[in-house]
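K.L.:
The structure is given below, and queries will be raised subsequently.
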Amino acid sequence: MAVEILMPELGESVHEGTVSRWLKKVGDFVKEDEPVVEIMTDKVNTELPSPASGYLVRILIPEGDPVEVFKAMGIIDDAMPADGAPAPNGATPKEAPPVVPKTAPAPETPAEPVEPGRRWYSPVVISMAKAKGVTEAELASVVGSGSGGRVTKKDLESYLASGRKPGAPAARRFDAPPVAPTVVGPDQELVPLVGMRKMIAEAMVRSAAVPTVSTTVQIDVSRMVEFREKNKEGFQQAYGVKLTYTPFFIKAVTEALQEFPLVNASLQPDNKILKNRGVHMGVAVSLGKAGDEGLIVPVIRDCHAKSIVQIARDLEDIAKRARANALELADVQGGTFTLTNPGSYGALFGTPMINAPQAGILGTYGIQKVPLIVNDMIAIRSVMYVVLTYDHRLVDGLLAGRFLQSIRLKLEGFDFLK
């Protein structure tokens with residue numbers, strides 16, 4: 001009996017993933033619940049277990065290709081192909097028996113034949129379009145951000161939130177010109193954009209669609225630097241965790257977010273503002289042992305209710321699990337604001353990109369000793385730049401400036417431990 005390997009729903013906002021790696025080859029025997037395929041979403045990387053024991057007789061979605069929720073990726077059968085070996089390219093020598101989807105209901109009306117050039121839509125998009133009274137002609141006018149220009153659920157949500165009237169087609173954009181194949185030189189190599197890098201690229205395109213502005217302040221962090229130098233060894237002995245600058249940044253940002261809650265909000269597709277009472281801080285960390293497998297943004301929850309010590313412990317925990325690729329889906333969900341610390345690898349200045357739909361991201365940059373005018377005298381002080389990038393639909397320049405000033409006063413005053 002043939003059983004489909006289906007793409008599961010890995011989170012409320014996850015509608016698609018990428019097959020990053022097949023852990024078994026066509027023809028391999030796999031036990032029920034044994035990992036068979038690795039899936040990557042813009043949230044997390046996870047291994048999926050086999051739904052049954054048997055042979056992997058067919059791979060329907062190859063590595064690097066996208067797959068929608070509830071779509072079949074491969075087929076497990078309890079019988080080997082007739083000759084006992086898989087055919088080339090993942091096909092089977094004999095056609096596998098047809099598999100009837102378990103979850104798809106029978107159509108109420110006969111399906112129309114697909115016309116040449118007609119756009120394909122996922123069941124989720126079709127269901128939403130019917131519920132909202134969107135005609136097929138109107139749906140065809142929606143600009144898609146998915147693979148090959150496909151309309152995703154988020155595209156349709158954005159279109160509905162834009163104030164469209166039922167039956168009125170959206171304004172069409174000019175089609176992009178066809179992309180010419182890349183010509184590779186003798187000393188060059190062409191590799192596909194897959195896995196984590198592809199997920200990051202797609203997330204950046206979504207974030208780039210948000211109108212953002214960046215504002216910068218310079219902060220004298222001499223007191224913080226002096227405190228850490230004097231206490232880092234004792235802190236680790238007392239609490240079992242390294243004392244870095246990042247927990248102080250998180251604490252200062254958290255307190256400022258409570259003063260200015262609109263920076264801790266997000267603009268939803270229906271043009272409503274979602275305000276968050278708690279501060280759940282996303283922190284950009286590197287994946288892999290060498291930190292060269294991309295960035296991910298796990299979340300430290302309830303920062304408003306935690307001490308510097310608790311934040312330091314949580315930070316060290318998520319960094320260790322990120323390096324071991326052991327983060328779970330829940331670890332990267334529910335963030336209300338993001339902190340990125342390029343200063344930890346020597347960057348002096350930059351303009352970080354927001355993690356949409358969050359209203360802002362704060363970049364903290366390298367600390368340098370510089371001559372500074374203090375009380376009309378030249379003094380050597382430890383100084384750094386802090387950059388806020390924010391959604392200009394929610395946050396204006398005045399609010400951004402007051403928010404950054406609050407962070408500056410907290411770090412310069414440095415009274416977190418009093």
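K.L.:
With N set to the residue count of the stretch 211-413, report its C-alpha Rg divided by 2.2 N^0.38 Å to two decimal places.
P.N.:
Ratio of Cα Rg to 2.2 N^0.38 Å: 1.02.
K.L.:
Also, I was wondering about something else. Counting other C-beta atoms within 10 Å, which of 377, 281 has the fewest, and how do the rest follow?
P.N.:
377, 281
K.L.:
Given the pairs 153/272; 251/369; 198/306, which are separated by over 29 angstrom at their Cα positions?
P.N.:
Those over the limit are 198/306.
K.L.:
Going down the table (71/289; 31/130; 71/154), which pairs top 29 Å between alpha carbons?
P.N.:
Among 71/289; 31/130; 71/154, the Cα-Cα distance tops 29 Å for 71/289; 31/130.
K.L.:
List every residue whose amide H lies under 5 Å from the amide H of residue 52, counting only residues 5 or more places away in sequence or on a different chain, with H placed 1.01 Å from N in the peptide plane.
P.N.:
Amide H to amide H, under 5 Å and 5 or more residues apart or across chains, residue 52 pairs with 33.
K.L.:
Within 10 Å of each residue's Cβ, count the other Cβ atoms and sort 376, 331, 65 from fewest upward.
P.N.:
So the residues, fewest neighbours to most, are 376, 65, 331.
K.L.:
Next question. What does the convex hull of the alpha-carbon atoms of the stretch 292-357 project to on average, in nm²?
P.N.:
For the Cα atoms of the stretch 292-357, the hull's average projected area reads 5.5 nm².
K.L.:
With θ taken as phi - 60° and the coefficients 6.51, -1.76 and 1.60, list the Karplus ³J(HN,Hα) couplings across the stretch 326-332 in order, rounded to whole Hz; mark glycine and proline as x.
P.N.:
10, 6, 9, 4, 4, 6, 10
Bear in mind that the values in this text are calculations on the coordinates, not laboratory data. Here the structure is a predicted model, which is why all the values come from computation and not from measurement. Please note: Cβ atoms are built from the backbone with ideal geometry, for glycine as well, and neighbour counts cover all protein chains shown.
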